[in-house]
Every structure is written in C-alpha cells, then in structure tokens.
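S.K.: If you scroll down you'll find the structure; I have some questions about it.
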Amino acid sequence: MKHHTIGHLAERAGVATSAIRFYESRGLVSSVRTTGNQRRYEPSTLRRIAFIRTAQQVGLSLDEIGEALASLPDERTPTKADWTRLSNRWRSRLDEQIARIERLRDRLDGCIGCGCLSLKSCALRNPGDQAAEYGPGAVFLEHE
C-alpha cells in the first residue's frame, strides 16, 4: 500500500498542508513517520479529509467531527453500517441546521424582496434591544 506525502495528500484533497497538520494536531487524521521523520498518510486519509471538509461546510464543529471520527474503527475501513450509525447520531442535529438555514433563506428573501429599505416595518426590527430577553445572537433569525 502506497502512503502519501503531506504535499501529495494536500494536492489530492484540495487543502493546504497546514490544514492537514492542523487536522492531525486535533486527532482527526493520523500519519506514520519515516526514518527521516517525514509524515506519510494512508490512502484512506483522503476519505477522512473529504468527510471533515463536508461536515464543516454544513456547520458541524471540529469537536463534533472529531467525536464522530473517534467512533469509527481504526483497524479497518469503515463499512456502510459504520457510516449509517454515525449518520443516525447526527440526523437530528442536521435537521435542526437545515431548518435554521431555511428560516434564514425565507426571511432574507422577504427582506430583500420587500424593497422597503426601512426599519419601520422590518421583521428584524428591534427597537430598544427588546430581543435581549431572548438571549444573545440573531434571535429573530434563529428561532421562529
């Protein structure tokens, strides 16, 4: 089995070598060292990096990703059953993320489409910071 150098892995995965070193420092990927102390990566590391990047793109944290990857077997390539188990653990988290994105899209469509360019009738209007009682952040966009 041919191992990848960090440069080749970065090129194939479409990430910077610094990202691979960062993922390795977080325990998301691993390497073996040559006698010259150079990193070498298993070919399966490409799949792990693709998984990490995709999970990040949908809003999952590196802690969540690390926890998921830790649940996969080290001694063999993950099977469909392994991935299904992981997916089922994330299903409600991803459903919440999808709902949040849909709310944002729908509310922004209204803001962009209304043309008022005014805060008088804006659904996001918050005079006197009345929304503070609901907690920090964009509470009108995050909750229905």
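The values are calculated or read from the model by the stated rules, or taken from the named source; none is laboratory data. In this text the structure is predicted, and so the values were computed from the model without any measurement. Note that each Cβ is placed from the backbone with ideal geometry, even for glycine, and that neighbours are counted across all protein chains shown.
S.K.: Would you please list the contacts, defined by Cβ atoms under 8 Å and residues six or more apart or on different chains, that run from a residue in region 1-16 that is without any contact (Cβ under 8 Å) to a residue 24 or more places away in the chain and in the same structural domain as residue 40 (by TED's automatic domain parsing) to a residue that is part of a loop (DSSP other than H, G, I, E, B) and surrounded by fewer than 15 Cβ atoms within 10 Å (Cβ to Cβ)?
M.R.: Note: pairs meeting the criteria are 10/16.
S.K.: Additional query: Only residues that are buried (at least 16 other Cβ atoms within 10 Å of the Cβ) and assigned to a helix (DSSP H, G or I): list them for region 23-45, please.
M.R.: The answer is 23, 24, 45.
S.K.: Assess whether residue 118 counts as being farther than 25 Å from residue 17 by Cβ, modelled with pLDDT under 85 and not in a helix (DSSP H, G or I).
M.R.: So residue 118 fits the description; yes.
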